[in-house]
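Each remark here refers to the structure printed beneath this line.
The values are calculated or read from the model by the stated rules, or taken from the named source; none is laboratory data. Computed from a predicted structure; not experimentally measured. With ideal geometry, Cβ positions are generated from the backbone for all residues, glycine too; neighbour counts draw on all protein chains shown.
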Amino acid sequence: MTEIFGVPIQALFGQLMLGLVNGSFYAVLSLGLAVIFGMLNIINFAHGALYMMGAMLTWIGLEYLGIGYWWSLLLAPIGVGLVGIAIERLMLQWLYKLDHLYGLLLTFGLALMIEGLFRDLYGVAGQPYSIPEEFAGAFNLGFMFLPKYRAWVVVASLAVCLATWFVIEKTRLGAYLRAATENPKLTQAFGINVPLMVMLTYGFGVGLAGFAGVLAAPATQIGPLMGSNLIIVVFAVVVIGGMGSILGSVVTGLGLGIIEGMTKVFWPEASATVVFMIMAVVLMIRPAGLFGREK
Amino acid sequence: MMKRKLLALSISALLLPAAGSVLAQAGKISGDVVKIAVLTDMSGVYSDLGGKGSVLAAEMAIEDFKASAKPKFKIELVSADHQNKADVGSNKVREWYDTQGVDMVTDVLNSAVALAVAKVTTEKNKIMLNAGAASTRLTNEDCAPNNVVHYVYDTYALANGPGKAVTKQGKDTWFFLTADYAFGASLEKDTTDAVKASGGKVLGSVKHPLNASDFSSFLLQAQASKAKVVGLANAGGDTINSIKAANEFGLTKNQTIVGLLTTIIDIHALGLPTTQGMMFTEGYYWNLNNETRDWSRKFFSKHKKMPSMLHAGTYSAVTTYLKAVQATGSDDTATVMKQMRATPINDIFAKGGKIREDGRMVHDMYLVEVKKPAESKEPWDYYHIKQVIPGDQAFQPMALSRCPAVAKK
Amino acid sequence: MSRRVSIAYLIGLGLLLLAPTFIYPILVMKVLCFALFACAFNLLLGYTGLLSFGHAVFLGSAAYVTGHALKVWELPTLLGLLAGTGAATLLGWVIGSLAIRRQGIYFAMVTLALAQMVYFFFLQASFTGGEDGLQGVPRGTLFGLDLADDINLYYLVVAIFAGSFWLIQRTINSPFGQILKAIRENEPRAISLGYDVAKYKLLAFVLSAGLAGLAGATKTLVFKFATLTDAHWHTSGEVVLMTLLGGMGTVFGPVVGATVIVALQNELADKVGSLVTVIMGAIFVICVLAFRRGIVGESLALYERMIGQKGR
């Protein structure tokens, strides 16, 4: 058996796959952040809390309403998206004329509130949610047993990322969206309802977070704190990638997932901080981020 | 002008809490009110383990005591959320002791808060019966045997029980998943010692960061080690995520998972299909005998969850304290401590429990195995009791004590 | 300092000196530590326009270093405080040099991420005691005064706070402070005027980090322990909240904000149970939506308006 630094190469492939799974979560979450940032120019600090909400809604749906995984995959992101739209209409829209930092502060406060409320209602220990029957078991890839559910996470995430990219870059709606990002006033003058676009964008962006939450529900602890630990890493991912391009954030997310996975094998103590270290290095070499443009 | 007013305003905001406390001091309690405080985490990561349940347990203890012992003195209960902040916790306790006449504080989960509160308690010469914290420092480096009793569990007992018992069952090769901070390291070390002492071998370990979102990578390493037992030297969300991933990757088929700090709350959060076959040490189980069942069902009817060992421990601690006050007719710290030390503890939590000279309350612990879903007869019926670990074997022996107050003797 | 500010400053100082006769000195000291922390933060956010979301690490690192210096190295108290403050300043220089490469929202995210990295370092390092915290730090003596006595320590803390507060005011009103404000108002313009903006930003960041460190070092002395909470990002969020609630860019705003938040945390502890974070979050939201000038800023605005009406 070939070995690299004392690690069998088969095991290494296994870890690569797992890195890809985690990278998929990073990709979907940072994509949501990038979409929102592109249109609203705010960083959505509540992204982690809304990701958590997606997972909680999945569990609530099953527990109280008997809604299964597949329906949740559709309904929970819509539910989170609607919450997002309410947030945008009721609060965020009053802040667009101000310094963008206020958007960050507002969403930070919202994150605290959402997490606190769920904690008060459902406690912190978390809720059980089993893997849907279709995905019980694992694929034998030769070098590892890949649980079917993990494979599905990668497939579903990539599909959603690709669809988002397609809508924004290749469709008429996307063209409006890009125009509104570039020059809202002019776009409005052409008769396009820019506030509506902004609202839908925010709803869609947080809907992506909700989607990631549903994907995470069977695989991790469903608890009020699941989002806040993840979101700081995702912020670092976004800084590394730069928020300029959709594809950029997806590629960065996947790539960092893999790098983090490798760290877990060779230097597990550093796996919590490796993303931040990379961020520091990128800032020194290319402050605008790998795919970003200096404004 | 305005600024001055504002300043006055801000300063008076500062004074508000003090105004109340001055009044409280004026009507300082006489010896016939015993005041008990529950300091716990109601809003953070430990709030299911202690939290409102601990307050309820203390209330029940007071109620039951009033009904059975008919005390002449009044009993009051106060409680607070320390938000897992040592400064909030120690400030609150200081205020309780100084201005509200609190005699005893209990629960106090979270090691950092517990150690800080232990210092305040010693300084003010009051009593802490700690039911919540895990750190062995409370009875070792930072022991204060005249004021602090460590009541329910500690990392040594959690590690020692399964380390010995599981190894002796022939599951004698171990691999650890260890949370990369002091807590995880001490769990791993104590378990390793116990495993080796019982003739077992540790094949390796991997350190994972606190609150890691994904454990599959670490579990693959555990799987590759081919160890018979995978020990989880972590807690809370990390434990839950480790177990979920272990199940998904099929580790549970060939390897036994031992959660070194796992409680019934975690099992309930994960469900039996995911956790069946796991082993670990508990300080309490509701379904042990008629006595525990009766009490726990009463607790359940109010809390909608079965009690954790912290809840039962808090109940027991409050009861023990009240009994000692009743017996001596005093709430003086030294008198009560002496009485508690001299009397064996027999209640729904402990049988023949004894407070040792280093402040450790020694009682039986239970090595449990999680039932298969088919074996569970009712909700919360989760454990097979594999072994009762007698108190003198469960906890760190006095010979190993690092408590300066004891060493001097 | 303007005359009004000076008067308010002196009155406040007078009240502080009398305070321990009728109020809990430890609580006041805690308020003062957080007030200093918030003032240091305000120097950056309110006067330079930089939102750091990782300021807790400066509080935390100084707390740990001071604790370690006093407990393990057994340094005199003053040197312990200096060691903590120095460590925070150095860390501020490192993090600041990286963070100022990006602006606005990116700056906030970068500081948050770097702070999280340092947090993990503290979590894993053995000298911090992990989740047990660094406990039992001796207070020592200063000029022959035994600081174990709360009242003696109280006056030391008041002196530290008053001195730092004065230093911050001097900084704001100095030419250096004027340049910082110019950067906040219009960075490209400040650049075109020939100022090395990066240098000024970094200096402000380092100063702010150092003062936040002093607050952390003092806090260790007050409570005799340093814990992970001090370095956690929740604490970073709290200092933002204190500054925002009191009034960004106002002289006394952070002090008021810190007082209210610390008092709230203390008072709510036994009243609302698990809803503390919800309340904190709600205060954040309300401040951002309706109350952006904070308590002090809004009150001043109200006062100006009333004066204006009378004048007419």
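Looking only at segment B:226-261, filter to residues that are assigned to a loop (DSSP other than H, G, I, E, B) and within 11 Å of another protein chain (Cβ to nearest Cβ); which one of those is surrounded by the fewest Cβ atoms within 10 Å (Cβ to Cβ)?
Pass one, segment B:226-261, residues assigned to a loop (DSSP other than H, G, I, E, B): B:226-228, B:234-235, B:249-250, B:255, B:260-261.
Restricting the remaining residues to those that are within 11 Å of another protein chain (Cβ to nearest Cβ) gives B:235, B:249-250.
Working: B:235: 26, B:249: 23, B:250: 15.
Going through the qualifying residues, I end up with B:250.
If I go through segment C:56-75 residue by residue, how many of them are out of contact with any Leu (no Cβ under 8 Å at 6 or more places or on another chain) and either surrounded by fewer than 24 Cβ atoms within 10 Å (Cβ to Cβ) or under 25 Å from residue C:106 (Cα atoms) (or both)?
So the answer is 6.
Does residue B:129 satisfy the condition of being hydrophobic (A, V, I, L, M, F, W, C) and under 22 Å from residue B:325 (Cα atoms)?
Numbers: hydrophobic (A, V, I, L, M, F, W, C): yes; under 22 Å from residue B:325 (Cα atoms): yes.
Criteria met by residue B:129.
Can you tell me which residue is farthest from the other protein chains (Cβ to nearest Cβ) among those in segment B:177-216 that are in a helix (DSSP H, G or I) and β-branched (Val, Ile, Thr)?
B:195
Which residues, taken from segment C:203-248, are among the charged types (D, E, K, R) and farther than 27 Å from residue C:279 by Cα?
C:224
So in segment B:74-94, with the set limited to residues that are part of a helix (DSSP H, G or I) and of a type outside the set (Gly, Ala, Ser), which one is farthest from residue C:272 (Cα to Cα)?
Step by step, filter segment B:74-94, then rank; the result is B:94.
Considering segment C:106-118 alone, what residues qualify as being buried (at least 24 other Cβ atoms within 10 Å of the Cβ) and either more than 7 Å from chain A (Cβ to nearest Cβ) or within 14 Å of residue A:243 (Cα to Cα) (or both)?
Correct list: C:109, C:110, C:111, C:115.
Scan C:259, C:277, C:250 and give me the residue that is within 14 Å of chain A (Cβ to nearest Cβ) and crowded, with 16+ Cβ neighbours inside 10 Å.
None of the others qualify; the one that does is C:277.
Just to check your reading of the model, which residue among A:292, A:253, A:261, A:203 is more than 24 Å from residue A:15 (Cβ to Cβ), touching a Leu at 6+ places or on another chain (Cβ under 9 Å) and of a type in the set (Gly, Ala, Ser)?
Of the residues listed, the single one that is more than 24 Å from residue A:15 (Cβ to Cβ), touching a Leu at 6+ places or on another chain (Cβ under 9 Å) and of a type in the set (Gly, Ala, Ser) is A:203.
Against the conditions (1) assigned to a loop (DSSP other than H, G, I, E, B); (2) of a type outside the set (S, T, N, Q); (3) touching a residue at least 12 places away in the same chain (Cβ under 8 Å), where does residue A:191 fall short? Just the number, please.
(3)
Starting from segment B:371-388, keep only residues that are in the same structural domain as residue B:256 (by TED's automatic domain parsing) and within 17 Å of residue B:292 (Cα to Cα), then list their pairs with residues that are part of a helix (DSSP H, G or I) and among the charged types (D, E, K, R) whose Cβ atoms are within a distance under 9 Å, requiring at least 6 positions of separation or different chains.
B:381/B:375; B:384/B:375
Please work out which residue is surrounded by the fewest Cβ atoms within 10 Å (Cβ to Cβ), limiting yourself to segment A:134-150 and to residues that are at pLDDT below 85 and outside any loop (DSSP other than H, G, I, E, B).
A:140
Based on what the data block shows, is residue A:291 within 13 Å of chain B (Cβ to nearest Cβ) and touching a residue at least 24 places away in the same chain (Cβ under 8 Å)?
In short, no.
Please verify whether residue B:93 is at the interface with another protein chain (Cβ under 8 Å from one of its Cβ atoms) and closer than 20 Å to residue B:336 by Cβ, treating the condition exactly as stated.
Working: at the interface with another protein chain (Cβ under 8 Å from one of its Cβ atoms): no; closer than 20 Å to residue B:336 by Cβ: yes.
Answer is no for this residue.
For the structure I just gave you, tell me whether residue C:190 is more than 15 Å from residue C:99 (Cβ to Cβ) and in contact with a Leu (Cβ under 6 Å, 6 or more places away or on another chain).
On the way: more than 15 Å from residue C:99 (Cβ to Cβ): yes; in contact with a Leu (Cβ under 6 Å, 6 or more places away or on another chain): no.
No, not satisfied.
Taking the options C:91, C:167, C:98, C:82, name whichever one is crowded, with 22+ Cβ neighbours inside 10 Å, in a helix (DSSP H, G or I) and either modelled with pLDDT of 90 or more or in contact with a strand residue (DSSP E or B) (Cβ under 9 Å, 6 or more places away or on another chain) (or both).
Working: C:167 fails: crowded, with 22+ Cβ neighbours inside 10 Å; C:98 fails: crowded, with 22+ Cβ neighbours inside 10 Å; C:82 fails: crowded, with 22+ Cβ neighbours inside 10 Å.
Checking each option against the conditions leaves just C:91.
Being away from every other protein chain (no Cβ under 11 Å), assigned to a helix (DSSP H, G or I) and among the polar types (S, T, N, Q): is that true of residue B:121 here?
Details: away from every other protein chain (no Cβ under 11 Å): yes; assigned to a helix (DSSP H, G or I): yes; among the polar types (S, T, N, Q): yes.
Yes: the conditions hold for residue B:121.
Is there a residue being surrounded by fewer than 23 Cβ atoms within 10 Å (Cβ to Cβ), modelled with pLDDT under 95 and more than 13 Å from the chain's Cα centre (by Cα) anywhere in segment B:150-162?
No, because not a single residue in segment B:150-162 is surrounded by fewer than 23 Cβ atoms within 10 Å (Cβ to Cβ), modelled with pLDDT under 95 and more than 13 Å from the chain's Cα centre (by Cα).
Within segment B:283-298, is even one residue surrounded by fewer than 21 Cβ atoms within 10 Å (Cβ to Cβ), facing chain A (nearest Cβ under 9 Å) and touching a residue at least 40 places away in the same chain (Cβ under 8 Å)?
Checked against the condition, which is being surrounded by fewer than 21 Cβ atoms within 10 Å (Cβ to Cβ), facing chain A (nearest Cβ under 9 Å) and touching a residue at least 40 places away in the same chain (Cβ under 8 Å), segment B:283-298 yields no hits at all.
Looking at segment B:277-328, which of the residues that are assigned to a helix (DSSP H, G or I) and of a type in the set (Val, Ile, Thr) is farthest from the chain's Cα centre (by Cα)?
Looking at the filtered set, the residue picked out is B:328.
Residues in segment C:186-194: is at least one out of contact with any strand residue (DSSP E or B) (no Cβ under 8 Å at 6 or more places or on another chain) and under 30 Å from residue A:91 (Cα atoms)?
Yes: segment C:186-194 contains one or more residues that are out of contact with any strand residue (DSSP E or B) (no Cβ under 8 Å at 6 or more places or on another chain) and under 30 Å from residue A:91 (Cα atoms).
Only residues that are more than 10 Å from chain C (Cβ to nearest Cβ) and crowded, with 21+ Cβ neighbours inside 10 Å: list them for segment A:88-117, please.
Answer for segment A:88-117, where residues must be more than 10 Å from chain C (Cβ to nearest Cβ) and crowded, with 21+ Cβ neighbours inside 10 Å: just A:88.
Can you spot a residue in segment A:221-234 that is polar (S, T, N, Q), buried (at least 24 other Cβ atoms within 10 Å of the Cβ), in contact (Cβ under 8 Å) with a residue 12 or more places away in the chain and farther than 25 Å from residue C:108 by Cα?
yes
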